[in-house]
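Structure first, then comments.
The values are calculated or read from the model by the stated rules, or taken from the named source; none is laboratory data. Small disclaimer: the values here were computed from a predicted structure and weren't measured. A quick note on method: Cβ atoms are made from the backbone with ideal geometry, for glycine too, and the neighbour counts reach across all protein chains shown. These accessible areas exclude ligands, DNA and RNA; they are computed on the full protein's heavy atoms, side chains included. Shrake-Rupley method; radii C 1.70, N 1.55, O 1.52, S 1.80 Å.
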Amino acid sequence: MNITSIKGIGDKTAALFEKLDIRDTADLLRFFPSEYDLFGPVTTIDQLKCGEVAAVEVVIISAPVVRHIRHLSILSFNVSDGHGEMNIIYFNAPYLRNSIKKGERCIFRGKVMMRGNRFSFNNPRKYKTEEYDKLAGTKQPIYHTTKGLSSSAIQKSVRKAYEAELYIGVNTPGSPLYDTLPEEIITKRDLMPYYEAISNIHMPVDDEHLIRARNRLAYQEFYEYILRMSRLGTYSRPNSYPMIEVADTLRLTEALPYRLTEDQTAVWADVRRDLSSDKRMVRLLQGDVGSGKTVVAVLSLLMCVCNGYQGAFMAPTEVLAAQHYDTIVRLSDDYGLPFKPVLLTGQVKGKARNLILEEIRSGEANLIIGTHALFQEKVEYCKLALVVTDEQHRFGVLQREALAQKGGEPAVLIMSATPIPRTLAMILYGDLEVSTIHTMPAGRLPIRNCVVDTTYRPTAYKFITEQVEMGHQVYIICPQIDSGELPGVENVSDYSKELEASLPEKIRIGVLHGQMSATMKDKVMGEFAAGNIDVLVSTTVVEVGVNVPNATVMYVENAERFGLAQLHQLRGRVGRSDVQSFCIFMMNNVSDRAKERLDILVSSNDGFEIAAEDMRLRGPGDIFGIRQSGDVIFNIGDIYQDSELIMWAKEDASKI
């Protein structure tokens, strides 16, 4: 059913849902929560603990006061519950002044902070007592949102959609609640029925039902993915574009101002052998951020063009594609390389685009660098013999389909900084070869890491200020975009405002998150790369980012909520020069288990070791970490936590 069939959703709201790729009730029911918020009982001010999420029933004892710092308005007032007093603060919300009445009794819920010697809430949610009583003890789903569409509005629409589809029936083929898994698999794996899983993922009865629902839906994703991969056929094909080794690659390696590491040399030997063999190359190159995968890619593309063929280099963002283009143009100029590169992204339009398309079609351009635009319908290649994809986790299905539609079977080199165990990589990517770069290039200083709690924040701000004054740049990562999604979890919008009030005015602060348009994201990253932003407050979209050697600090808020592999990738954004870099993991919710996990990052810089420990330490209660919408393989499954489910799905799908 169309999304507008749900009561209360008109064309305007439907347009907002479409920004989240939700067009009908099936899309809506498959739009799973990113997290759950457990509403605890009301407590008293004297029982509060810094860093926790709490609710207090209080009386407002002072009239609200508004003051201004930079472009920031700060509204504050005091409350009391007879056991103590605390401060309530709202940023850039002067309009709330008239709704805050001295003497009013209500419940405020938020993350407990300290200001001086007094507890405070920043931007808490306000409830009437009877309103909060209905929520106490429940686990409420939190959804990724877009401007104008709140998580609670999505939650209400999901409930209505589920009730409507349930009324139609769960046994009707085509219904979004219809179970497509064979009954024997459901029984064999003791899986929850699909319609129950959908209900419990959005409206969990309890933790046990939630875990079973999540496992059922994750299994289904893996099973369908593997079936789809199998329909695309095997990678094993004759080499349509056999190559011979060329002197240009040897000259380049000898002319570079650094020597390839032992691992880089071994991987480059693997690639040379593949490109020269009678079997088509499909190789996964794994290595930490900054380990030197790009040099191997350039050598591979150089061998390709020297053999008279075309190569394509695909990046996930336009900024990263432009950086690869600039790198190859510079190398071509410095070392006389025979590249004739063009840059093709969604921003190239009109006559300029038509000219590039003709150069690709004629073969005049022998290296095409860009985003997914490289595989659009109007792009016709002359002799495309090698495709290199950088950090493109969806390559397994989407780009294989696109390449198949082009009718060619070029060699493929997939580069990834996500360490995937070989057995899982073979399932996710097909029958491909796997190479790994373990060692980092010489001259890189080890990153200094520390795990701290929120009492360290003033010290961290002072350290950030010192680094900026030394001419360096800083990343600050927050798990969510806006407040209200997850109380107690820092968000980019409020955090950037708090920084404006806390850091010296001369420090330039930028904001980056996944709800921005691709153009705006590229603009912000471009400004940061150019040194026009000192401190970039961002979600994890910087995981796949440009190379900014001048960035020396990675500071992650709510670090306990991320997977270790993801934190390791974020850490890889710094330490990319010969200057000492630092990583600060801020724990907002301190526990022994969280500290044990994060201490692994302090003791190891090996991505594979960290990924293995992450798999060991995650338990069945770790339903969701913080996941940003974006280019990930699975909507709900996790390749580390769910390795057993992947193996089950592979075994079951192979019998079809």
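May I ask you to rank T180, T345 by accessible area, largest first, using a 1.4 Å probe over the protein chains only?
Working: T180 85, T345 10 Å².
Descending accessible area places them as T180, T345.
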17 Å Cα-Cα reach of K147 towards aspartates and glutamates, excluding residues that sit fewer than 8 places from it in its own chain: D11, E18, D21, D482, E485, D494
Extension reserve of the Y258-Y178 stretch, reckoned as 0.36 nm per residue once the Cα distance is removed: 22.9 nm
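Quick one: accessible area per residue over the stretch 458-581, 1.4 Å probe, rounded to a whole number of Å²? Let's see the in-between values first.
Numbers: 3850 Å² over 124 residues.
Solvent-accessible surface per residue comes out at 31 Å².
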Debye equation applied to the C-alpha atoms of the stretch 1-71, log10 I(q)/I(0) at 0.17 Å⁻¹: -0.79
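Provide the FRET efficiency to the nearest 0.05 for the D606-S277 pair, computing r from the beta carbons and using R0 = 35 Å. The partial results should precede the final answer.
Values: r = 31 Å, r/R0 = 0.88.
According to the calculation, E is roughly 0.70.
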A164-Q580 FRET efficiency (beta carbon distance; Förster radius 56 Å; 0.05 resolution): 0.45
For the stretch 1-87, accessible area per residue (1.4 Å probe, heavy atoms of protein chains only), Å²: 49
Reach of K188 by Cα under 26 Å, taken over lysines that are not fewer than 8 positions away in the same chain: K650, K655
Rounded to 5, the percent of DSSP beta bridges in the chain classed as antiparallel: 40
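From the cross-link list K349/K383; K349/K523; K101/K128; K101/K126, which pairs have alpha carbons spaced over 21 Å apart? All intermediate terms of the calculation are to be shown ahead of the outcome.
Numbers: K349/K383 24 Å; K349/K523 17 Å; K101/K128 13 Å; K101/K126 13 Å.
Violating the 21 Å Cα-Cα cut-off are K349/K383.
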Most to least accessible of H83, H472 (protein chains only, probe 1.4 Å): H83, H472
Accessible surface of the chain [probe 1.4 Å, protein heavy atoms]: carbon and sulfur percent: 51
Nearest-10 value in Å² for the accessible area of S120, using the 1.4 Å probe: 0
Probe 1.4 Å - accessible area at E498, Å² to nearest ten: 20
Accessible area in the full protein assembly, largest first, 1.4 Å probe, for C382, C450, C583: C382, C450, C583
Rel. contact order, % - alpha carbon contacts under 8 angstrom, at least six apart, the chain: 14
Solvent-accessible area of E651 with every protein chain in place, 1.4 Å probe, in Å² to the nearest 10: 80
Distance in nm between pseudo-label sites at T44 and R448 (7 Å out along the Cβ direction from Cα): 4.5
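Could you work out the local net charge near A63, counting Lys and Arg as +1, Asp and Glu as -1, over the other residues with Cβ closer than 13 Å to its Cβ? Show your work: numbers first, answer last.
Numbers: positive: R97, K101, K102; negative: E104.
That works out to +2.
Which value, in Å², gives the accessible area per residue of the stretch 153-256 when a 1.4 Å probe is used on the protein heavy atoms?
Numbers: 5360 Å² over 104 residues.
Heavy-atom SASA per residue in the stretch 153-256 reads 52 Å².
For the stretch 498-555, how big is Rg over Rh, using alpha carbon atoms and the Kirkwood form of Rh? Don't jump to the answer; show the numbers that get you there.
Working: Rg = 11.3 Å, Rh = 12.0 Å.
Using Cα coordinates only, the ratio equals 0.94.
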Where the Cα pairs of the stretch 307-398 fall when distances are cut into 5 Å bins, in %: 3, 14, 25, 26, 21, 9, 2, 0
Amide H contacts under 5 Å for V553, placed H, 5+ residues apart: Q473, Y475, F582
Residues of type lysines that K351 reaches as a straight line, Cα spacing below 21 Å, ignoring anything fewer than 8 places off in the same chain: K340, K378
